[in-house]
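These notes are about the structure you will find just below.
The values are calculated or read from the model by the stated rules, or taken from the named source; none is laboratory data. All values derive from a computational prediction rather than experimental measurement. Cβ placement follows ideal geometry from the backbone for every residue including glycine, while neighbour counts extend to all protein chains displayed. When the accessible area is computed, the model is the full protein with side chains, heavy atoms only, and any ligands, DNA or RNA have been set aside. Shrake-Rupley method; radii C 1.70, N 1.55, O 1.52, S 1.80 Å.
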Amino acid sequence: MPLKGRCCFTRHPFVTCTSFNRTIMTRWRRLRMVLWALPLLALLLVCCANWWVIKSTEDKVLTDINLLNGRSVALVLGTSNKLRNGSVNPYFVNRIKAAAELYREGKVSHFILSGDNRSKYYNEPLLMRKALMLLGVPDSVITLDYAGLRTLDSVVRSKEIFGQDKILIITQSFHSYRALFISNFYHIDALALVANEPVSEAPFAVYVREYFARTKAVLDLYILNTAPHHLGEKEPLSI
């Protein structure tokens, strides 16, 4: 027969089954609280990060090219020229149109086209150059940045590789806040001219992805100290 006052799972004379069960239940309640708190903390982080990114940069987001002065170099952020279904990507088209209009109006004299060149079959900068030239922008005012794998890479390389600490960023509105936030961190004097967003699209997934991308940008800059994938030799622009 088991000794009185001893737990059926242990021979320790001072631990009873009741106290053992109470300890297990207490730990389980604490674990449940943690499991409930983690998603709430993650949601709070996303909300706070997005508020910070937008509020700290919204005064630098422009829609009227007539407000632009003193920005001779534009950084055009890359995106695919095709959607997954094979149709033309309106985000790509509208960025190119905005860039070409800036050149025609004499607001910009040089472009850095920065994007992903992950293989010989996928080359965002080259496709951007072809599209710009079709709209009358000469090749002589275009510099290609093949290592713009992410927005962070494109922005940092504009300064560290191409020697520009005062730029105009061309992209869509939702993307411009993050690009400017990164610019601020690296002490780049940047403004953003926003290209039109497609009215016929349902960009819900794009916006959701951007909410998390802004959060990651905060973590990259202030916690993880994330650096561009590639830097290398300096290539100052001859303007």
Original post:
Of the heavy-atom accessible surface of the stretch 159-239 (probe 1.4 angstrom), what whole percent is carbon and sulfur?
Top reply: 57
Subject >> Amide hydrogen neighbours beyond the local backbone of Ser114, cut-off 5 Å, H modeled >> reply: Val76, Gly78, Asp145
Original post:
Using alpha carbons only, how many degrees (0 to 90, rounded to 10) separate the axis of helix 173-185 from the longest principal axis of the chain?
Top reply: 80
Subject >> For the chain, the longest site-free run once GluC sites (Glu not before Pro) in DSSP loop states with at most 13 other Cβ atoms within 10 Å are removed >> reply: 1-104
Original post:
In the stretch 40-140, carbon and sulfur make up what percent of the accessible area (probe 1.4 Å)?
Top reply: 57
Original post:
Mind checking the angle between helix 151-160 and the chain's longest principal axis? C-alpha axes, 0 to 90 degrees, to the nearest 10.
Top reply: 60
Original post:
Lys120: which aspartates and glutamates have alpha carbons under 15 Å from its alpha carbon, excluding same-chain residues fewer than 8 sequence positions away?
Top reply: Asp145
**OP:** DSSP loop (so not H, G, I, E, B), at most 14 other Cβ within 10 Å: list which trypsin sites (Lys or Arg not before Pro) in the stretch 175-239 pass both filters.
**Re:** Lys234
Subject >> Per residue solvent-accessible surface (Å²) - the chain, probe of 1.4 Å >> reply: 60
Subject >> Distance in nm between pseudo-label sites at Ser109 and His187 (7 Å out along the Cβ direction from Cα) >> reply: 2.6
**OP:** Mind scanning Lys60/Lys130; Lys60/Lys216; Lys82/Lys216; Lys159/Lys234; Lys97/Lys130 and naming the pairs with a C-alpha gap bigger than 18 Å?
**Re:** Lys60/Lys130; Lys60/Lys216; Lys82/Lys216
Subject >> C-alpha center-to-center spacing [the stretch 222-239, the stretch 114-164] in angstrom >> reply: 14
Original post:
Check Arg150: other-chain or 5+ apart residues with amide H under 5 Å from its amide H, H built from backbone geometry?
Top reply: none
Original post:
Hey, what did the stretch 91-239 get for relative contact order, percent, Cα under 8 Å, at least 6 apart?
Top reply: 25
Subject >> Cα lying deepest toward the dipole's positive end in the chain, options Ser56, Val194, Val76, charges on Cβ >> reply: Ser56
**OP:** Calculate how many DSSP beta bridges within the chain are antiparallel, expressed in % of all such bridges and rounded to the nearest 5.
**Re:** 10
Subject >> Net length gained if the chain between Lys234 and Ser119 were fully extended (0.36 nm per residue, minus Cα distance) >> reply: 39.1 nm
Original post:
Long-range amide H contacts for Ala190: which residues qualify at under 5 Å (H placed 1.01 Å from N, peptide plane, sequence gap of 5 or more or a different chain)?
Top reply: Ile167
